[in-house]
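So the structure is just underneath, and the comments pick up after that.
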Amino acid sequence: QVQLVESGGGLVQAGGSLRLSCAASGRFFSINAMGWYRQTPGKQRELVASITSSGSTNTVDSVKGRFTISRDNAKRTVYLQMNTLKPEDTAVYYCNAVIRTTWQSNEYEYWGQGTQVTVSS
């Protein structure tokens with residue numbers, strides 16, 4: 001069974017940094033795109049950054065220049081380096097991956113359990 005396990009969230013002061021990690025475990029054929037989303041109470045989950053299997057990245061304007069997404073395909077892990085954090089970055093951050101479980105199957109989206117990031121002012 002495929003699982004995405006996140007780590008690295010926590011409490012940090014404004015201006016500080018955190019690094020989130022998300023490792024994919026289980027048996028599967030390949031991982032396509034991976035990404036990070038975030039959600040605050042009463043709001044929809046929103047994309048923060050994504051990265052393709054070849055390393056092309058997309059980062060939303062609100063975090064551009066502060067957050068960097070990267071991945072290690074050998075470790076089946078995606079990272080989100082978050083610098084110069086602001087109180088408005090406070091949210092639950094979710095890892096997302098598009099995974100093909102066998103060579104002949106379709107691709108499916110998987111989600112991590114979420115990790116809380118709290119930025120104090």
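The values are calculated or read from the model by the stated rules, or taken from the named source; none is laboratory data. Computed from a predicted structure; not experimentally measured. Using ideal geometry, Cβ is built from the backbone for each residue, glycine included, and neighbour counts are taken over all protein chains shown. We work out accessible area using only protein heavy atoms, side chains counted, and drop any ligands, DNA or RNA first. Shrake-Rupley method; radii C 1.70, N 1.55, O 1.52, S 1.80 Å.
Once C-alpha pairs closer than 8 Å and six or more residues apart are averaged by separation and normalised to the residue number of the chain, the relative contact order reads 35 percent.
Working from label points 7 Å from Cα in the Cα-to-Cβ sense, the Ser56 to Asn32 distance is 1.3 nm. Carbon-plus-sulfur fraction of the accessible area of region 2-121, 1.4 Å probe, in percent? Carbon-and-sulfur percentage of accessible area, whole number: 47. A simple rule links phi to the HN-Hα coupling: the Karplus curve 6.51 cos²θ - 1.76 cosθ + 1.60 with θ = phi - 60°, which for region 77-89 gives 10, 10, 10, 9, 8, 10, 10, 6, 5, 10, x, 6, 7 Hz, with x for Gly and Pro. One Cα centroid belongs to region 65-81, the other to region 1-42; the line between them spans 9 Å.
Structural descriptor for region 1-43: relative contact order 40 percent, calculated from alpha carbon pairs under 8 angstrom and at least 6 residues apart. Around the amide H of Val48, modelled in the peptide plane, lie the amide H atoms of Trp36, Tyr37, Arg38, all under 5 Å away and 5 or more residues distant in sequence or on another chain.
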